[in-house]
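This report refers to the structure that appears directly beneath it.
The values are calculated or read from the model by the stated rules, or taken from the named source; none is laboratory data. Quick caveat: nothing in here was measured; it's all calculated off a predicted structure. Cβ atoms come from the backbone with ideal geometry, glycine included; neighbour counts cover every protein chain shown.
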Amino acid sequence: MTQKTNTMAALAVAGLLAVLAPAFAAQNDTKGSLSQQDQKFALDAAKGGMMEVELGQLATQKAASQAVKDFGQRMVTDHGKANQQLQQIASQKGMSLPQMLPTDMRQEREKMAAASGAEFDRMYMSHMVKDHEKDVKEFEKQAEKGNDPALRSFAQQTLPVLRQHLELARTVASQVGAHHGDHGDHGSKKSGS
């Protein structure tokens with residue numbers, strides 16, 4: 001009788017595993033189904049978007065120029081909206097995005113927080129030009145070559161806004177005497193966002 005009970009229990013457990021295993025696999029497979037390029041894009045875009053919002057908030061408080069304050073507010077608004085859209089896509093894919101800036105970005109933010117007035121304006125706008133040059137290139141790559149349709153669509157929809165940000169950043173950078181980066185499609189440095 002004990003052997004029959006053990007056999008039935010083993011069959012019941014095996015049956016339960018057979019039924020539940022595909023459900024668990026489907027839950028965990030959504031992130032696994034994203035290519036490495038798509039995962040990297042989503043993580044980089046999330047970190048960069050958080051940085052844009054935090055630095056934009058800083059600009060609204062510390063900038064001397066009204067144009068820099070206005071630019072900072074636009075970064076908070078536009079990147080805040082994009083961050084929410086990206087978070088929604090990532091959630092649907094079962095992917096967790098960072099909720100805090102990585103150490104290198106926090107250090108960059110603190111360095112800017114230590115500046116004020118015209119010095120802050122130049123530092124912030126120089127960073128914004130370099131960062132948006134890099135962002136435009138990354139979003140162009142994702143829009144053209146991304147594997148995941150939702151992330152590719154996100155990149156395609158966000159790209160025109162990033163291009164507007166880049167042109168505005170260059171204009172404001174010129175107004176405040178900041179180095180305003182590469183005007184071509186080559187040679188921009190990775191700025192950590």
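Per-residue answers, yes or no, for (1) among the polar types (S, T, N, Q); (2) touching a strand residue (DSSP E or B) at 6+ places or on another chain (Cβ under 6 Å); (3) closer than 16 Å to PHE41 by Cα:
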| residue | (1), (2), (3) |
| --- | --- |
| GLN84 | yes, no, yes |
| GLU108 | no, no, no |
| ASP121 | no, yes, no |
| VAL136 | no, no, yes |
### Query
Can you find even one residue in the range 85-107 that is part of a helix (DSSP H, G or I), over 20 Å from the mean Cα position of the chain (by Cα) and assigned by TED's automatic domain parsing to the domain that holds ALA42?
no
## Note on the structure
All-but-one check, VAL129 against (1) in contact with a Gly (Cβ under 6 Å, 6 or more places away or on another chain); (2) within 20 Å of LEU43 (Cα to Cα), failing number (2)
